[in-house]
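The values are calculated or read from the model by the stated rules, or taken from the named source; none is laboratory data. For clarity, every value in this text was computed on a predicted model and none was experimentally measured. Cβ atoms come from the backbone with ideal geometry, glycine included; neighbour counts cover every protein chain shown.
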Amino acid sequence: MPHRASTCLLASALASVLASCSSSTAPSPTSPASTPPKATAPAAGADLLPGCTLDPGAPAGTVDANAASDPTGGPEKFTLAQAMAGFPEGATGKLVALIQTEQGPIRCELAEAQAPVSVANFVGLARGTRPYVEGGKWVLGRFYDGLIWHRVVPGFVIQGGDPLGAGTGGPGYTLPVENQVEEPLGTLAQAAAKAPSGSQYYVVVGKGPPAAYNVFGACNTEAAVKIAGVARGERDRPVTDVHMQRVDIARCP
């Protein structure tokens, strides 16, 4: 993901956005000895999403675990209708993601019209309707619940969505480029085109990076700014893990 302009230069290729920071290059996370433990939160209810149509949960699904390639046919073919399977029919309103953290909830409105592929992918991973690779096999499940924010930079971004917790992992596929526009405070965006992409995303908590990443929503920033302000160690990783305890999808007025 992108680096603060005052300290690091943004790599020209998205594949190198997490490269190691030296005098003129951008930082790269160190792989942990083991995947960090997950932390979960209760399902979001009416208290956190008042007036919204809540997600009853994705229906049970199956996937060919040993498929040689993406069983959906590719990210550009996975639709929001597929991602929302089992959601109440006829529900209207803005598509919202609620990310619960130890520092409070982050509520994001998803740009389904402007970034349909990125939104379908995020929603499908969050709800468990989008297959991803785990341990060399294609699986279904709630991908984001319990993952950490592995990189936080005050005045810039907080970044998460890597199952390895290091900034080097993903779901086994990459996203196509779409809706790469200006990124003001609260922007929800992710890398595309080259690995690692597919699941990692960030929330802008200050001055955003250049328009070189898929913008797929906008978030409130109170909790995100708190996360950006926690004590950090090497490669901007929080000294004490901060989790996206649970990510829920809803339709809200």
Any residue in the stretch 240-253 that is closer than 16 Å to Phe156 by Cβ, within 18 Å of the chain's Cα centre (by Cα) and not aliphatic (A, V, I, L, M)?
-> no
Would the stretch 47-57 turn up any residue that is under 20 Å from the mean Cα position of the chain (by Cα), surrounded by 15 or more Cβ atoms within 10 Å (Cβ to Cβ) and within 30 Å of Glu234 (Cβ to Cβ)?
-> no
From Thr168, Thr174, grab the single residue that is at pLDDT 95 or above, of a type in the set (S, T, N, Q), under 24 Å from Thr40 (Cα atoms) and assigned to a loop (DSSP other than H, G, I, E, B).
-> Thr168
Unmet requirement for Gln82, which otherwise passes all of (1) part of a loop (DSSP other than H, G, I, E, B); (2) under 21 Å from Ser199 (Cβ atoms); (3) of a type in the set (S, T, N, Q) = (1)
Across the stretch 163-191, the tally of residues that are free of Cβ contacts under 8 Å to residues at least 40 places away in the same chain, among the aliphatic types (A, V, I, L, M) and either more than 23 Å from Thr221 (Cβ to Cβ) or crowded, with 21+ Cβ neighbours inside 10 Å (or both) stands at 2
Is it true that some residue in the stretch 68-75 is at pLDDT 95 or above and outside any loop (DSSP other than H, G, I, E, B)?
-> yes
For the stretch 192-204, state whether one or more residues are modelled with pLDDT under 95 and among the aliphatic types (A, V, I, L, M).
-> yes
Tell me, please, whether a residue that is within 19 Å of the chain's Cα centre (by Cα), of a type outside the set (Ser, Thr, Tyr) and at positive phi can be found in the stretch 68-87.
-> yes
Being out of contact with any strand residue (DSSP E or B) (no Cβ under 6 Å at 6 or more places or on another chain), basic (Lys, Arg) and outside any loop (DSSP other than H, G, I, E, B) is the filter here, so list the residues in the stretch 128-159 that pass it.
-> Lys137
Only residues in the stretch 52-70 that are over 17 Å from Gly141 (Cβ atoms) count as the first member; pair them with residues that are at pLDDT 95 or above and surrounded by fewer than 13 Cβ atoms within 10 Å (Cβ to Cβ), Cβ under 6 angstrom, at least 6 apart or cross-chain, and list the lot.
-> Thr53/Pro88
When only residues in the stretch 89-101 that are in contact (Cβ under 8 Å) with a residue 60 or more places away in the chain and more than 17 Å from the chain's Cα centre (by Cα) count, which is surrounded by the most Cβ atoms within 10 Å (Cβ to Cβ)?
-> Ala91
Take the stretch 52-89 and flag every residue that is over 19 Å from Arg246 (Cα atoms), touching a Phe, Trp or Tyr at 6+ places or on another chain (Cβ under 7 Å) and of a type in the set (D, E, K, R).
-> Asp64, Asp70
Sort through Val205, Val239, Val247, Val215 and tell me the only one that's without any contact (Cβ under 8 Å) to a residue 12 or more places away in the chain and of a type in the set (A, V, I, L, M, F, W, C).
-> Val239
Among the candidates Ile148, Ile99, residue that is out of contact with any Gly (no Cβ under 8 Å at 6 or more places or on another chain) and under 14 Å from Val247 (Cβ atoms) = Ile99
